[in-house]
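Visitor: Below you will find the structure I want to go over with you.
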Amino acid sequence: MNDSAVFSVVSLAAFLVTSGLLALGFKETRKHRLFSRLGYLMFLVGTLSATVLALKTQTSSYLFASAVCWATIISWFVWHLEIVGAFTAPVIALTLMYGIFFSPISSPSVSHDLGPAMRIHVASAIIGQSFAVVACGISLLFIWLDKKLKKRQLTDLPQSFPAISNLTNALNIALWIGFAFISLGLVSGALYFLVGSVPSEMNIMPKVIWAVLVWLWYLSILALKGILSYRPQRVARLSLIGFALLAVSWFGLIFVAPWRPL
């Protein structure tokens, strides 16, 4: 078993365990707080392993998983949203499983000899998509907390659960960050296509379709919020619906594209 295989197994195991621990840590009891702390520790272990794996293999599945890890950690330190890891950890685990079973390490999807424009494109696109995952996690928390507030069922929430105003602010910022990076990814990708030499084996159309869909998803939500003054509740619901449609389109593209979206 080579080093990459070890790191992939360690990362997958860490995020599978994290998913269970954070799911058990929602209630405000001593035992559930212990589950949360263990879950955060395992998340950090998985993040380090996934980052090393991404740097060693340069495979876009693992790069995406690593980007979601760090976007989640940013949400912890900037917005105090540790609980968003309960959503992103299963997504990371699924991405790692996809990388292990359907995108072999022996044939990386990100070439090592690409020029600066393509490297910027890949990095920007992956970061933009990772913040889409974080935005979806924040939206889930927002909708759940909003329902709790309306029903006045707040006693079973942990004390560390973020305020709804903090969730609103975090969702807005996550959407804008994702939109900026996806836009940069499209511009750098267009530059590479126009002035670079696209490998003949690279079927870029599915990647372009996927990137444009993600960009339109961001733009639609931000436009509806800014122009029509949509309430945070509607923005959160649109984020979830759009993310679900993106996930469906991604699974459709991986079956028709030799050069897969991830």
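Visitor: Rounded to the nearest Å, what's the spacing between the alpha carbon centres of the range 1-59 and the range 78-99? Just the number, please.
Guide: 9
Visitor: A follow-up question, please. Under a Cβ-Cβ cut-off of 13 Å, what is the net charge of the residues other than Pro162 that fall near it, where Lys and Arg count +1 and Asp and Glu count -1?
Guide: Working: positive: Lys148; negative: Glu82, Asp146.
Net local charge, Pro162 excluded: -1.
Visitor: Sorted by packing (mean other beta-carbon atoms within 10 Å per residue), highest first, where do 163-169, 212-218 land?
Guide: Going from most to least packed, we get 212-218, 163-169.
Visitor: Please state the shape class of the range 1-85: rounded when a/c is under 1.5, otherwise prolate if a/b exceeds b/c and oblate if not, all from the C-alpha gyration tensor.
Guide: It is oblate, given that a/c is not under 1.5 and a/b is not larger than b/c.
Readers should treat all values here as calculations from the given coordinates under stated rules, not as data from a laboratory. Values in this document were obtained by computation on a predicted structure and should not be read as measured data. As a convention, Cβ positions derive from the backbone with ideal geometry for all residues, glycine included, and neighbour counts pool all protein chains shown.
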